[in-house]
C-alpha cells in the first residue's frame with residue numbers, strides 16, 4: 001500500500017491555482033486592450049478609403065472551393081469520417 005502524499009496536493013491547491021488565476025486575469029486584460037483597439041479601428045476611426053477592393057480571380061476561386069468543401073463536409077461528413085478511421089487503423093501497426 002502506498003502512502004498518500006498530501007503535500008504536493010496542498011501545494012498545487014494553494015500555490016498553483018492562484019498563480020493560474022493571476023495568469024488568466026493578465027491575459028484577459030491584454031486581450032481586452034487589444035480588442036478595444038480593433039473595435040475602435042472598426043467603428044470609431046474613419047475609413048482610409050471607400051473604394052471597393054479588387055479581388056484577384058485566383059482568390060475568388062480559392063474561396064469558392066474552400067466554401068464548397070466546407071458545405072459538402074458539413075452536409076455529408078461520412079466519407080471524411082471513414083477516411084479518418086481507416087487512417088487510424090493504418091497507423092496502428
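Modelled this way, with points 7 Å down the Cα-to-C-beta line, the labels at residue 54 and residue 38 are 2.9 nm from one another. Evaluate the distance, in nm, between pseudo-label points positioned 7 Å from the Cα of residue 16 and of residue 84 along their respective Cα→Cβ axes. Label-label distance for residue 16 and residue 84, simple model: 3.0 nm. Principal-axis analysis of the Cα atoms of the chain puts helix 78-91 at an angle of about 50° to the longest axis.
Across all directions, the average projected area of the convex hull around the alpha carbons of the chain is 15.1 nm².
Using just its DSSP H runs of length 4 or more, each adding -39500 (n - 2.57), the chain gives a mean residue ellipticity at 222 nm of -23500 deg cm²/dmol after division by all residues.
If one takes the longest principal axis of the Cα atoms in the chain, at what angle in degrees, from 0 to 90 and to the nearest 10, does the Cα axis of helix 17-43 lie? In the chain, helix 17-43 runs at an angle near 10 degrees to the longest axis.
Computed from the coordinates by the stated procedures, all read-outs in this text should not be read as laboratory data. Remember, predicted model here, so these are calculated numbers, not experimental data. Cβ sites come from the backbone with ideal geometry, for glycine too, and all protein chains shown count toward neighbours.
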